[in-house]
Amino acid sequence: MSTHERDELFAALSELAHRYPHWRVGQLVANVAGWADAEIWDAEDGQLLSAVQAHLGAATIPAGAAREAEPGATPDPAT
């Protein structure tokens with residue numbers, strides 16, 4: 001893994017740490033390894049980065065999307 005990719009992984013882990021401030025560092029890394037479907041001691045940096053990116057992408061919902069998903073909701077005209 002290149003230095004740039006490693007920097008991306010640490011930045012992504014930092015973003016997760018801010019999103020889940022109640023998680024300990026070991027817990028955060030163990031959860032990411034689980035998302036990567038890898039044992040923590042066998043996980044490659046690239047697997048961890050992909051898992052974090054997938055989690056952050058899945059956890060990000062556009063503002064109008066959640067409202068439109070509600071039964072009977074009126075679509076937001078701004079979207």
Can you tell me which residues in the range 1-23 are in contact (Cβ under 8 Å) with a residue 12 or more places away in the chain and either over 15 Å from Ala59 (Cα atoms) or loosely packed, with under 10 Cβ neighbours inside 10 Å (or both)? Met1, Glu5, Arg6, Glu8, Leu9
Tell me which residues, restricted to the range 24-45, are surrounded by 12 or more Cβ atoms within 10 Å (Cβ to Cβ) and either of a type in the set (A, V, I, L, M) or under 14 Å from the mean Cα position of the chain (by Cα) (or both). Leu28, Val29, Ala30, Asn31, Val32, Ala33, Gly34, Trp35, Ala36, Ala38, Ile40, Ala43
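Just so you know, all these numbers are worked out from the coordinates, no wet-lab data involved. These numbers were taken from a predicted model, which means no experiment stands behind them. Heads up, the Cβs are rebuilt from the backbone with ideal geometry, glycines too, and the neighbour counts pull from every protein chain shown.
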